[in-house]
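Read the structure below first, then the notes.
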Amino acid sequence: MNQRDLLRRAVDSEPVPADLSALVRTSLEGHRSRNWLGLLAGLAACCVLLVAGLNVYTVSVLRVGLNDHVHCGLGRNFPVQAESNEMAAALGPEFGPMVQPMMQKTSGLRLISAHKCFVGKRQYIHFVFEGSDGLTSVSITEQAGLEWLPVQQEREIDGQAVIGFEDDHYMVFVSSAQPKPDLAKNVEEVLGFRL
């Protein structure tokens, strides 16, 4: 008798437990449910990390507009202009025509400066408004690198309310001590930008 036959006789001589099939099914189902729970927990963790990462990214992009507001607006590093034609001339032919519509669409705020300025190496088109709650900046700058705001974003950063949106080439920011969603909507209309 060869080893194969001996092994077969040994296996055949052992009784098979009656509940073996049920034990195998229960064991497999337990592994299957634990696998799904692990997968769901992993997906939930990925979603939390993605949302947290997007929030950090959004704040960093909104800070681009806030930097101009803090440096130029709140720092009072801007020319005070009495006439709209002075403001239009300071902005040049591309952005100068926006001065009158900006003045008309900003009830409760007085436009006191419209100019080009730099914070670091970044250039801004900057409209500074004065109102009962302080200064409000509308800052326009070209997108750089991989900056993007897929939809209008609003956050409070360092005690200032910042709203940001973009078009294909520019990002626009409205920064002030109090949120101004109506002003952001009016600015969007003046610029012809889409949200």
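Determine which single condition residue 81 fails, assuming it passes every other condition in (1) surrounded by fewer than 17 Cβ atoms within 10 Å (Cβ to Cβ); (2) of a type outside the set (Gly, Ala, Ser); (3) modelled with pLDDT of 90 or more; (4) in a loop (DSSP other than H, G, I, E, B). All conditions are met except number (1).
Residues of the range 90-107 that are surrounded by fewer than 17 Cβ atoms within 10 Å (Cβ to Cβ) and either under 14 Å from residue 117 (Cα atoms) or touching a strand residue (DSSP E or B) at 6+ places or on another chain (Cβ under 6 Å) (or both): 92 alone. Residues in the range 55-106 that are in contact with a Lys or Arg (Cβ under 9 Å, 6 or more places away or on another chain), of a type in the set (Gly, Ala, Ser) and in contact (Cβ under 8 Å) with a residue 60 or more places away in the chain: 0 in all. In a residue-by-residue description of the range 174-186, the property of being closer than 21 Å to residue 92 by Cβ, of a type outside the set (A, V, I, L, M, F, W, C) and either more than 15 Å from the chain's Cα centre (by Cα) or surrounded by 14 or more Cβ atoms within 10 Å (Cβ to Cβ) (or both) applies to no position. Within the range 48-60, not a single residue is touching a strand residue (DSSP E or B) at 6+ places or on another chain (Cβ under 8 Å), modelled with pLDDT of 90 or more and assigned to a helix (DSSP H, G or I).
Residue-level check: of (1) aliphatic (A, V, I, L, M); (2) farther than 14 Å from residue 66 by Cβ; (3) surrounded by 16 or more Cβ atoms within 10 Å (Cβ to Cβ), residue 119 misses just (2).
Screening the range 146-170 for residues that are under 12 Å from residue 66 (Cβ atoms) and over 12 Å from the mean Cα position of the chain (by Cα) and picking the one that is surrounded by the fewest Cβ atoms within 10 Å (Cβ to Cβ) gives 159. For residue 122, are the conditions met, namely being touching a residue at least 12 places away in the same chain (Cβ under 8 Å), in contact with a helix residue (DSSP H, G or I) (Cβ under 6 Å, 6 or more places away or on another chain) and basic (Lys, Arg)? Judged against the criteria, residue 122 is not a match.
The values are calculated or read from the model by the stated rules, or taken from the named source; none is laboratory data. Because the structure is predicted, anything quoted here is derived from the model rather than measured. No Cβ is skipped: glycine too gets one built from the backbone with ideal geometry, and neighbour counts run over all protein chains shown.
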